[in-house]
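Any read-out appearing in this document is the output of simple, stated calculations on the displayed coordinates, not a laboratory observation. Worth saying up front: this structure is predicted, and the values here are computed from it rather than measured. Glycine also receives a Cβ, built like all others from the backbone with ideal geometry; neighbour counts cover every protein chain displayed.
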Amino acid sequence: MDRAQLADFLRTRREALQPEDVGLPRGARRRAPGLRREEVALLCDMSVDYWSRLEQGRGPQPSDQMLTAVARGLRLTLAERDHLFRLAGHHAPERVGRSEHVAPGLMRVLDRLHDTPAQVMTDLGETLVQNAAAVALFGDASRLTGLDRVAAYRWFTHPASRRIYPERDHDLRGRVFVAELRTALARQGAGSRAEQAVTALLASGEEFARVWADHEVGLVHGPTKCFVHPEVGELTLECQKLLDAEQSQVLLVLTAVPGTPDDDRLRLLTTLGRQALDA
């Protein structure tokens with residue numbers, strides 16, 4: 001671990017970022033260049049004290065998970081992310097196949113979406129980063145670990161995960177999740193995370209095995225989805241996806257038709273998300 005170079009790299013990257021780059025208001029009394037330490041600490045989901053110690057060259061060696069959070073918070077490119085890992089005394093993550101690093105451009109789009117749920121996901125339905133409205137709707141899926149991060153795995157092993165959809169849609173949603181998992185397996189191949197999920201699911205019970213045996217492909221959730229939220233009730237949202245083909249990631253954005261009851265419920269949901277973030 002090169003503490004001096006790591007500290008310098010973190011400081012220069014922080015000072016190079018402007019509030020507008022990460023969706024934060026500039027404010028009237030900003031004097032220092034770039035972002036404040038407390039702003040970066042919030043983006044990286046760490047304490048201000050921890051960030052300050054890293055930037056001053058006296059902090060502990062960050063873990064892989066912490067470095068991943070820093071790379072996202074600072075909107076680093078892949079080259080910058082690899083450099084960060086090496087300065088911290090870690091091997092840079094492999095770039096072969098799938099990656100959980102979110103491209104800065106995709107993060108900038110997400111940063112500008114404050115009034116509607118949005119999140120970045122892998123082709124396995126793993127949530128990498130969410131805005132406050134998405135957390136209010138789905139829960140904080142970015143903190144899940146292991147195979148629980150895979151959408152299809154949660155669907156068949158954690159029945160509570162289905163509550164977000166009305167029961168009338170459960171059959172279709174389950175079939176779509178399985179079709180997406182099959183497509184990911186064909187793309188990733190043997191020994192992949194997709195294969196691990198399929199193997200575990202086949203051993204988990206008859207429901208998945210029955211749907212898997214149908215060998216359905218090409219099923220999609222459709223342009224609209226109906227959700228059930230415990231505080232705002234049922235709402236129908238339109239789903240748009242922005243694909244990052246190089247990273248095999250999708251930015252999912254959910255919107256409501258303006259002036260409809262769904263729009264009113266979505267506004268309430270967004271307010272709840274902001275209140276939770278402030279808390």
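FRET efficiency for the Arg29 to Glu80 pair, using the beta carbon distance and R₀ = 25 Å, is estimated at 0.25. Each residue of segment 191-199 was assigned a 3J(HN,Hα) from its phi angle through the Karplus curve 6.51 cos²θ - 1.76 cosθ + 1.60 (θ = phi - 60°); the sequence is x, 7, 5, 4, 5, 4, 5, 5, 4 Hz, with glycine and proline shown as x.
Per-residue ellipticity at 222 nm for the chain, helices alone: DSSP H runs ≥ 4 residues times -39500 (n - 2.57), over residue total, nearest 500 deg cm²/dmol?
Numbers: 12 runs with 126 residues, N = 279.
Value at 222 nm, helices only, nearest 500: -13500 deg cm²/dmol.
For Thr224, the residues 5 or more places off, or on other chains, whose built amide H falls under 5 Å of its own are Cys239. Neighbours of Ser52 by Cβ distance under 13 Å: Lys/Arg scored +1, Asp/Glu scored -1, total +2.
Taking other C-beta atoms within 10 Å as the exposure proxy, Met46, Met1 rank Met1, Met46 from fewest upward.
Which of the peptides 179-185, 243-249 is most tightly packed, and how do the rest follow, judged by the mean count of other Cβ atoms within 10 Å per residue?
Numbers: 179-185: 20.7, 243-249: 14.7.
Top to bottom by mean Cβ count within 10 Å: 179-185, 243-249.
A simple rule links phi to the HN-Hα coupling: the Karplus curve 6.51 cos²θ - 1.76 cosθ + 1.60 with θ = phi - 60°, which for segment 229-246 gives 10, x, 9, 10, x, 8, 9, 9, 10, 8, 10, 10, 10, 10, 8, 9, 5, 5 Hz, with x for Gly and Pro. Spacing of the modelled spin labels on Leu219 and Asp49, each 7 Å from Cα toward Cβ, amounts to 5.1 nm.
Might you report the magnitude of the Cβ-based charge dipole of segment 147-263 about its Cα centre, with Lys and Arg at +1 and Asp and Glu at -1, to the nearest 20 debye? Present the calculation step by step, with values, prior to reporting the outcome.
Numbers: 13 positive and 17 negative charges, 63 e Å.
Charge dipole, segment 147-263, about its Cα centre: 300 debye, nearest 20.
Across segment 139-155, computed HN-Hα scalar couplings (Karplus, 6.51 cos²θ - 1.76 cosθ + 1.60, θ = phi - 60°) run x, 7, 6, 6, 8, 5, 10, x, 5, 4, 6, 7, 4, 5, 5, 4, 4 Hz from first to last residue, x flagging Gly and Pro. Neighbour counting of Cβ atoms within 10 Å sorts the residues Cys44, Cys239, fewest neighbours leading, into Cys239, Cys44.
When Lys241, Lys225 are sorted by how many other C-beta atoms sit within 10 angstrom of their C-beta, beginning with the fewest, the order is Lys241, Lys225.
Dipole magnitude for the chain: about 820 debye, using +1 per Lys or Arg Cβ and -1 per Asp or Glu Cβ, origin at the Cα centre.
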